[in-house]
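Below: the structure, in structure tokens.
The values are calculated or read from the model by the stated rules, or taken from the named source; none is laboratory data. Here the structure is a predicted model, which is why all the values come from computation and not from measurement. Every residue, glycine as well, gets a Cβ built from its backbone with ideal geometry; the counts of neighbours run over all protein chains shown. The area values use the complete protein model at the heavy-atom level, side chains included, leaving out ligands, DNA and RNA. Shrake-Rupley method; radii C 1.70, N 1.55, O 1.52, S 1.80 Å.
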Amino acid sequence: MFEIVKIVMALICGLLVFKTCKNISNKYLLFLVIALSLRYTLSAFHQITYDPFIAGFSMNALGSISMVLLGILILPNVTFRLRQYLIFYAFFAVIIISGMVNQEYKGLINVLVKWGYFFVLSAALFLALRLQPPKIVFKVLLVPFLLPLSLQILSILLGEVKATEADGSASYIGGYNHEAAFSMIIVGFILVLGWLERKTIRFHAPIFFIAVFLLVLVNYRTSMLAVLPVVLIFILTMLSERFESKYKLPILAFASIPVIIIGLVISSSLAERFSDITLVFTNFDSLLKAPMYYSDADQDIFSSRVYLWSQYLYAFFTSDWLNQIVGLGPEHWDGLFSHYAHNAYVSYIYEYGYVGITLFLGMNFYLLKQALNNQSKVLGKKLFFSVIGLMVMSLSTMPLWNIEGLICYALIAGAIFAKGQPPISQEFT
């Protein structure tokens, strides 16, 4: 039944995307809308698009590869020489070296395609923002999210749920395959919506908070943690823009009361689900041990994440010196462990060694620094906290392992690199 709903909504949203594309004169923005719409549409029909289609590649994978190739063709040569991407190129180089040294060629290809996808999207957004103001670009970028958002709302209304936890809780993910990837789609929507200037669209604030509520219904707790900094800065910015300076402090103090109350209500309803997080932070030193020393109770902490991290770290620290420098290879864990690491930092030190994890941290700190250099202080703060959100989320999952998470990262990077500078008309056309 719900598959019919997905087909109907895909046709309706596809028509809206087509109408939007007809009015876009910015070719880089047009590419972004097409790339995001294609990804979210293909992912909605995962029963078909996730299976091998041609030469072992799924339709989803072929869609990503085609967008990478199209992006490379569209982007001007000067884009590949932008100094902003130097540290990213160094990280890509470590991925290649690690893959070659460990002969992990399949994993190397998979990872390079993903980061290629990141590059073309982030560069396209950078160029789009150099041709048109942020409020125009970000408003148009909301269109590709119509399909997943409408499907999630319909899944709530029609009772289409996915049971995901042993405690009986359920996820409303609009018929998509997994709540982890779907949560990143909603996170992406929240980010873009949060970056918009006030009054750019009607009912801006209500739509933003509805999107946050929809993310809660996805029931993926790490993504909830990721948007908390973004939600906070959105509320503070919204209030500060509405009132004169002399009224800001009392207004913010008064407004904090309902925010705190709502936070307490949400935290109490999710207390059991977040209790393991508190346990990890309060007993972290006692949990740092080899996996063979974990009791059955220890192995269950934080949905078995801590036990999983110990397996990865033990394998890394007992490897030879070369593997510790450049890692054991991209996606080397596949076939050795039952799950990916559920921690980006643990995964990157395991796959790319000390050099890789250093460069990954360097990439994020570079983005944080550049965000504060934005000509718009308000947008710069929002982008800064967007990076913080993903860094926090990376502590207990791997948002950049799937394409949906890399889309968020690409949008953040592209917006940061544009720095809010006035649009130009010739350099990148």
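When you check TRP115 against the structure, is it in contact with a Leu (Cβ under 8 Å, 6 or more places away or on another chain), within 22 Å of ASN402 (Cα to Cα) and open to solvent by less than 40 Å² (accessible area, probe 1.4 Å), yes or no?
Values: in contact with a Leu (Cβ under 8 Å, 6 or more places away or on another chain): yes; within 22 Å of ASN402 (Cα to Cα): yes; open to solvent by less than 40 Å² (accessible area, probe 1.4 Å): yes.
Judged against the criteria, TRP115 is a match.
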Worksheet item: Can you pull out the residues in segment 396-421 that are in a helix (DSSP H, G or I) and of a type outside the set (A, V, I, L, M, F, W, C)?
Response: GLU404, GLY405, TYR409, GLY414
Discussion item. Among the residues in segment 119-136, are any in a helix (DSSP H, G or I), under 24 Å from ILE7 (Cβ atoms) and open to solvent by 20 Å² or more (accessible area, probe 1.4 Å)?
Written reply: no
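Going through segment 21-48 one residue at a time, which ones are of a type in the set (S, T, N, Q), within 24 Å of the chain's Cα centre (by Cα) and crowded, with 19+ Cβ neighbours inside 10 Å? Don't jump to the end; show me each part of the working.
Keep residues of segment 21-48 that are of a type in the set (S, T, N, Q), which gives 23, 25-26, 37, 41, 43, 47.
Subsequent filtering for residues that are within 24 Å of the chain's Cα centre (by Cα) retains 37, 41, 43, 47.
Answer for segment 21-48, where residues must be of a type in the set (S, T, N, Q), within 24 Å of the chain's Cα centre (by Cα) and crowded, with 19+ Cβ neighbours inside 10 Å: SER37, THR41, SER43.
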Worksheet item: Which residues, counting only those in segment 368-395, are closer than 21 Å to PRO423 by Cα and in a helix (DSSP H, G or I)?
Response: GLN370, ALA371, LYS377, VAL378, LEU379, GLY380, LYS381, LYS382, LEU383
Worksheet entry | Filtered residues of segment 341-361 (kept if open to solvent by less than 20 Å² (accessible area, probe 1.4 Å), touching a residue at least 24 places away in the same chain (Cβ under 8 Å) and in a helix (DSSP H, G or I)) | ALA344, VAL346, SER347, TYR350, GLU351, TYR352, GLY353, GLY356, PHE360
Fill in: Odd one out for PHE365 among (1) among the hydrophobic types (A, V, I, L, M, F, W, C); (2) under 19 Å from the mean Cα position of the chain (by Cα); (3) crowded, with 22+ Cβ neighbours inside 10 Å; (4) more than 10 Å from ILE416 (Cα to Cα)
(3)
Fill in: Candidates LYS6, LYS27 - the one that is closer than 17 Å to LEU154 by Cβ and among the basic types (Lys, Arg)
LYS6
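Taking segment 70-96 as the region of interest, how many residues are of a type in the set (A, V, I, L, M), out of contact with any Gly (no Cβ under 9 Å at 6 or more places or on another chain) and in a helix (DSSP H, G or I)? Full working, then the answer.
Restricting attention to segment 70-96, the residues satisfying the condition of being of a type in the set (A, V, I, L, M) are 70, 72-75, 78, 82, 86-87, 90, 93-96.
Next, only the ones that are out of contact with any Gly (no Cβ under 9 Å at 6 or more places or on another chain) stay: 70, 73-75, 78, 82, 86, 93, 96.
Now restrict to residues that are in a helix (DSSP H, G or I): 70, 73-74, 78, 86, 93, 96.
Summing the residues that are of a type in the set (A, V, I, L, M), out of contact with any Gly (no Cβ under 9 Å at 6 or more places or on another chain) and in a helix (DSSP H, G or I) in segment 70-96 gives 7.
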Discussion item. Exactly one of these conditions fails for TRP401: (1) open to solvent by less than 20 Å² (accessible area, probe 1.4 Å); (2) under 16 Å from SER183 (Cα atoms). Give me its number.
Written reply: (1)
Worksheet item: Right, ILE109: over 16 Å from SER64 (Cβ atoms) and either open to solvent by 10 Å² or more (accessible area, probe 1.4 Å) or not in a helix (DSSP H, G or I) (or both) or not?
Response: no
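Picking from MET67, MET100, which residue would you name as being open to solvent by 10 Å² or more (accessible area, probe 1.4 Å), closer than 30 Å to ASP334 by Cβ and in contact (Cβ under 8 Å) with a residue 40 or more places away in the chain? Spell out the reasoning first.
Numbers: MET100 fails: in contact (Cβ under 8 Å) with a residue 40 or more places away in the chain.
Of the residues listed, the single one that is open to solvent by 10 Å² or more (accessible area, probe 1.4 Å), closer than 30 Å to ASP334 by Cβ and in contact (Cβ under 8 Å) with a residue 40 or more places away in the chain is MET67.
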Discussion item. With the requirement that a residue be among the aromatic types (Phe, Trp, Tyr) and out of contact with any Leu (no Cβ under 7 Å at 6 or more places or on another chain), what does segment 346-374 give you?
Written reply: TYR348, TYR352, TYR354, PHE360, PHE365, TYR366
Discussion item. Between a residue in segment 389-407 that is among the aromatic types (Phe, Trp, Tyr) and any residue that is surrounded by 23 or more Cβ atoms within 10 Å (Cβ to Cβ) and part of a helix (DSSP H, G or I), which pairs come within a Cβ distance under 8 Å, given they are 6 or more apart or on different chains?
Written reply: TRP401/ALA344; TRP401/SER347
